[in-house]
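Accompanying notes for the structure given below.
What follows draws every value from the coordinates through simple rules; no lab data is involved. Just so we're clear, the structure is a prediction, and the values are computed from it rather than from any experiment. Methodologically, a virtual Cβ is constructed for each residue, glycine included, from the backbone with ideal geometry; neighbour enumeration extends over all protein chains shown.
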Amino acid sequence: MWQPEPGWHPLPGGTGTSTLGVWRTVLGDQPVVVKRLVAPGPHDPAVLSDPAHFAYWRRGADVLTAALVERTPGLRALPAAVEEDGEGITITQEWVEDAANSGLFCAHGLGRFAAADLGGVRWLARDQLRDRMRRVERSGGWRTLARTPVADVAAHLWDRRESLLADLDAITQVAQHGDPVPANLPGRLGNDVVAVDWGTLGRGPVGADLGYFMLTAREEFEPLLEAYLLGLPDGVGTAAEAALGARATAVLTVLNRAEWALARVAGGEGALAGKFRHPAVAPHLRALQRQFPAMEELLGHRS
């Protein structure tokens, strides 16, 4: 059985459905990161073996093996060594120093990356937001949010989710990182962001990457959108499409996350309102509050 070497330092947040862990170590004089992906077993969810699904277990390794994003505009990856065995895949990559990238620099890079040519690779993620919405549907929808002050707005947006997803399908589809949180956009090489964790690389509506990014960015929506549009090449979507893609992605995602966080604590003793300050809930509710202007825009949007 594969095991990390003694002395490797585990990095926070490095585990997941298909990720055993992420460690920092040194090879020679070079600081590196080692990531271990675990092949799905017979009892694991089938989506882990679906090349089109955002949760496809080996996509991050395949992206690096194919050097698919080493020369892309706006966002790029550093080269990596990828070794596969019968149990999974080990990825060894140069440590990316934190360049303290601003949100505006990252948004500009996301806009430039939208025009990247990813070729006809069959294992790119597709329909990421729709797949996430389907997972929430199987859990009963935003049932816990129905017990909060945002119940009416959440109910209206839930009822319109299919039309919003159809609107996103109808706008320009572009390359997207898929999980562009600030922690995954740490480095800088010239005018490009050096990004990590390419496991959700794929295609989606223009502006969607910005929508995911703005949920954890410090900057407000308008300057982020302006930076994204400055990076977006002419002819790759319109400003209106990018704004819709960002707002719809951000709002549906933040509502999904708030529902998930609240549902985890709702069964405990006491009223639900008393749990809004729970440390596992409060950050999601603050993120939700930041998206109220985007929600108002979507409520007034007509397909």
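Here the Karplus curve 6.51 cos²θ - 1.76 cosθ + 1.60, taken at θ = phi - 60°, turns the phi angles of the range 96-106 into couplings of 9, 5, 6, 8, 6, 4, 6, x, 5, 5, 5 Hz, with x standing for Gly and Pro. For the peptides 25-32, 128-135, residues were scored by their other Cβ atoms within 10 Å and the scores averaged per peptide; the highest-first order is 128-135, 25-32.
The HN-Hα couplings worked out from phi for the range 175-189 by the Karplus form 6.51 cos²θ - 1.76 cosθ + 1.60 (θ = phi - 60°) are 5, 9, 5, x, 9, x, 6, x, 5, 8, 10, x, x, 8, 9 Hz, whole numbers, x standing for Gly and Pro.
Going by the alpha-carbon gyration tensor, a ≥ b ≥ c the square roots of its eigenvalues, is the range 9-94 rounded (a/c under 1.5) or, if a/c is not under 1.5, prolate (a/b greater than b/c) versus oblate? Write down the numbers at each step before the final one.
On the way: a/c = 1.99, a/b = 1.29, b/c = 1.55.
Because a/c hits 1.5 or more and a/b fails to exceed b/c, the range 9-94 counts as oblate.
In this structure the amide hydrogen of V22, modeled in the peptide plane, comes within under 5 Å of the amide hydrogens of L11, G14, none closer than 5 places in sequence on its chain. For the range 9-94, a simple Cβ point-charge model (Lys and Arg +1, Asp and Glu -1, everything else neutral) yields a dipole of about 280 debye relative to the Cα centre.
Kirkwood radius and radius of gyration were both taken over the C-alpha atoms of the chain, and their ratio Rg/Rh is 0.97. Phi angles across the range 287-297 convert, under the Karplus curve 6.51 cos²θ - 1.76 cosθ + 1.60 with θ = phi - 60°, into 3J(HN,Hα) values of 4, 5, 4, 5, 8, 4, x, 5, 4, 4, 5 Hz, Gly and Pro given as x.
Can you show me the helix-derived [θ] at 222 nm for the chain, built from DSSP H runs with n ≥ 4 at -39,500 (n - 2.57) apiece and divided by the number of residues, rounded to the nearest 500.
-11000 deg cm²/dmol
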